[in-house]
Amino acid sequence: MSDSATHGVVQLADQLPVLQVVLPMLTAPLCVLVRDRRATWLLATAAAWATLGISIALLRRVLTEGAWSYAVGGWLPPMGIELRLELVNAFVLLIVSGVSAIVLTAARRSFDREIPASRHYLAYSAFLLAITGLLGMTSAGDAFNVFVFLEISSLASYSLIALGRRRQALSSALRYLMIGTIGGTFLLLGIGMLYMATGTLNITDLGVRLAGMESNRTVLVALACITIGTTIKLALLPLGAWLPNAYTFAPSVVTAFLAATATKVAYYVLLRFIFRVFGAPTVFETFDFDLVLLPLAVGSMFVGSLLAIWEPDVKRLLAYSSLAQIGYMVLGLSLATRAGLIGGVVHLFNHALMKSGLFLVLAAIALRLGSTRLDSMCGLSKRMPWTAAAFVLGGLSLIGVPATVGFVSKWFLVRGAFERGSVFIAGLILISSLLSLVYVWRVVEAMYFREVSVEVESAREAPASLLIPAWALILACLWFGLSTDRTVGVASLAVDELLAPPQPVVTAIGAPESVGTAGDH
């Protein structure tokens, strides 16, 4: 390779943080211009896979070289806009881009059934804008742009949900819009109060300037507003009333995407503000916020599981299950122990795999049966054995059976409870897992041990375009359940980085904590 070519590759590599956000953002209007169903699917899928490749490269660089600060437009932080990559958000970027790529690969056949052909280009465009917003939220280094990208992802998500074929999709999207607007308003209020108290919006700079301001009432109110705003987006009960209908009536592939990404990014934002801005000692020792978050987390675990047990529609059943799984993640945060935090971060990754895989399985069932009700799925294993088997393995992960990803994260949560000195909380985690067994068994019993329903009688196995992506995610639940070094290793390093005090940015390119700019080279 010539020197000029090598220089070009290096120059492109230095722009990867911004390229990851810009690529899906620019592809979205291109889909509107092209409009052809197959062409827009190819464009969106190619952009998602390219984004995944960038995410892998970013994670590798952060693992080897440390945090990476990218100054947009050449204005260095804290004055300029910054994209900041650390281990935690590089890990989340990988989750968002990876799930997006796999789900978009499976989207075409599902969209053919659930969305009118004339609106496919709008669906793919909104999909890419949602990806843009989620990636931007995750990598933004200043608090205001976290809010800006949150609004981009939220508006795109409302549009995607409204594209569902049933009339309830529109009302569900409207409800999500109203509740989401309240959440965004609380987040913006909190950010404004932080600016009023410190005079900066840069997240790293905020963490430095807030040191010693624990008694400031403005800071306390800012923490409360940001917590309320993010927990609404996270769908932590009692603020997650929007989630069941949104997941149930959205197109199946859209549900698979949102369940694996939107709430995970909101969880990361909450994690980042607590540990990078306010600081764990201020949140958990001075303000005792764990006494608020912990009961809400446990309540979500049990209410979500109990509602799932009695739900006749499997898509809504999994939506209620998501409320319970969100409770596990917040529990790991509220335990405020190293093992608990590792469990929460690992469960963020694991739940993304489990739920995206299971909702893709339901997309295959909806394609063949036209319904996801439990009574319509009786005897499914006799006509769609590969689809039924995928659901069983995904369900085992939800329960937390050993050798699956669900066991790994719940094991660390139990360890975190013991580190906190609470056998009671460890027992609640185990009891909640048994409730998961009940609602998963209801579906398995219907598919394998009941007479074939009218809908199943004429069904045939799902197409490979849906089965292969679903099985890829389900098998990943087993792979990462057996080979835990990758996920637990990255999560452990990320948690250690979160618990360490924030370091100032070094402005030398190529340093362990380097700054790249849009004007470099």
Fill in: Residue that is farthest from the chain's Cα centre (by Cα) [pool: residues in the range 219-248 that are open to solvent by 40 Å² or more (accessible area, probe 1.4 Å) and β-branched (Val, Ile, Thr)]
Val221
Fill in: Residue within the range 249-257 that is surrounded by 23 or more Cβ atoms within 10 Å (Cβ to Cβ) and either of a type in the set (D, E, K, R) or closer than 30 Å to Ile431 by Cβ (or both) present
yes
Item to complete: Give the number of residues within the range 446-492 that are out of contact with any Phe, Trp or Tyr (no Cβ under 8 Å at 6 or more places or on another chain), assigned to a loop (DSSP other than H, G, I, E, B), surrounded by fewer than 18 Cβ atoms within 10 Å (Cβ to Cβ) and not polar (S, T, N, Q).
Response: 5
Worksheet item: Taking Ala107, is it of a type outside the set (Asp, Glu) and crowded, with 21+ Cβ neighbours inside 10 Å?
Response: yes
Worksheet item: Taking Ser125, is it more than 19 Å from the chain's Cα centre (by Cα), at pLDDT 90 or above, part of a helix (DSSP H, G or I) and of a type in the set (S, T, N, Q)?
Response: yes
Worksheet entry | Close pairs (7 angstrom Cβ cut-off, 6 or more residues apart or separate chains): in contact (Cβ under 8 Å) with a residue 24 or more places away in the chain and over 13 Å from Leu306 (Cβ atoms) in the range 420-444, open to solvent by less than 60 Å² (accessible area, probe 1.4 Å) and in a loop (DSSP other than H, G, I, E, B) anywhere | Arg420/Thr337; Ser433/Gly400
Item to complete: Inspect all residues belonging to the range 461-469 and state whether any of them is in contact (Cβ under 8 Å) with a residue 40 or more places away in the chain and within 24 Å of Ile326 (Cβ to Cβ).
Response: yes
Worksheet item: Within the range 163-188, which residues are crowded, with 17+ Cβ neighbours inside 10 Å and either among the hydrophobic types (A, V, I, L, M, F, W, C) or in contact with a His (Cβ under 7 Å, 6 or more places away or on another chain) (or both)?
Response: Leu163, Ala169, Ala173, Leu177, Ile179, Phe186, Leu187, Leu188
Worksheet item: Regarding Asp288, is this residue at positive phi, charged (D, E, K, R), more than 19 Å from the chain's Cα centre (by Cα) and open to solvent by 10 Å² or more (accessible area, probe 1.4 Å)?
Response: yes
Worksheet item: Can you pull out the residues in the range 28-66 that are of a type outside the set (Val, Ile, Thr) and touching a Phe, Trp or Tyr at 6+ places or on another chain (Cβ under 6 Å)?
Response: Cys31, Arg35, Ala44
Item to complete: Confirm whether Gly66 is open to solvent by 10 Å² or more (accessible area, probe 1.4 Å), under 30 Å from Ser492 (Cα atoms) and touching a residue at least 60 places away in the same chain (Cβ under 8 Å).
Response: yes
Worksheet item: Could you say whether any residue in the range 150-162 is open to solvent by 20 Å² or more (accessible area, probe 1.4 Å), touching a Gly at 6+ places or on another chain (Cβ under 7 Å) and closer than 30 Å to Thr198 by Cα?
Response: yes
Worksheet item: If you scan the range 12-27, which residues turn out to be touching a Phe, Trp or Tyr at 6+ places or on another chain (Cβ under 7 Å), within 12 Å of Ser55 (Cβ to Cβ) and open to solvent by 20 Å² or more (accessible area, probe 1.4 Å)?
Response: none
Response to the item:
Within the range 307-343, of all residues that are over 19 Å from Ala426 (Cβ atoms) and aromatic (Phe, Trp, Tyr), the one modelled with the highest pLDDT is Tyr320
Worksheet entry | Within the range 258-267, tally of residues that are open to solvent by 10 Å² or more (accessible area, probe 1.4 Å) and of a type in the set (Ser, Thr, Tyr) | 0
Worksheet entry | Neighbours by Cβ (under 7 Å, 6+ apart or cross-chain): first from the range 205-219, more than 13 Å from Ile274 (Cα to Cα) and free of Cβ contacts under 8 Å to residues at least 60 places away in the same chain; second open to solvent by less than 40 Å² (accessible area, probe 1.4 Å) and not in a helix (DSSP H, G or I) | Arg209/Thr200
Practice prompt. Determine whether Gly73 is out of contact with any helix residue (DSSP H, G or I) (no Cβ under 8 Å at 6 or more places or on another chain), over 22 Å from Leu348 (Cα atoms) and of a type in the set (Gly, Ala, Ser).
Written response: yes
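The values are calculated or read from the model by the stated rules, or taken from the named source; none is laboratory data. This structure is a prediction, so every number in the text was calculated from the model and none was measured. With ideal geometry, Cβ positions are generated from the backbone for all residues, glycine too; neighbour counts draw on all protein chains shown. Surface accessibility is based on the protein's heavy atoms, side chains included, excluding ligands, DNA and RNA. Shrake-Rupley method; radii C 1.70, N 1.55, O 1.52, S 1.80 Å.
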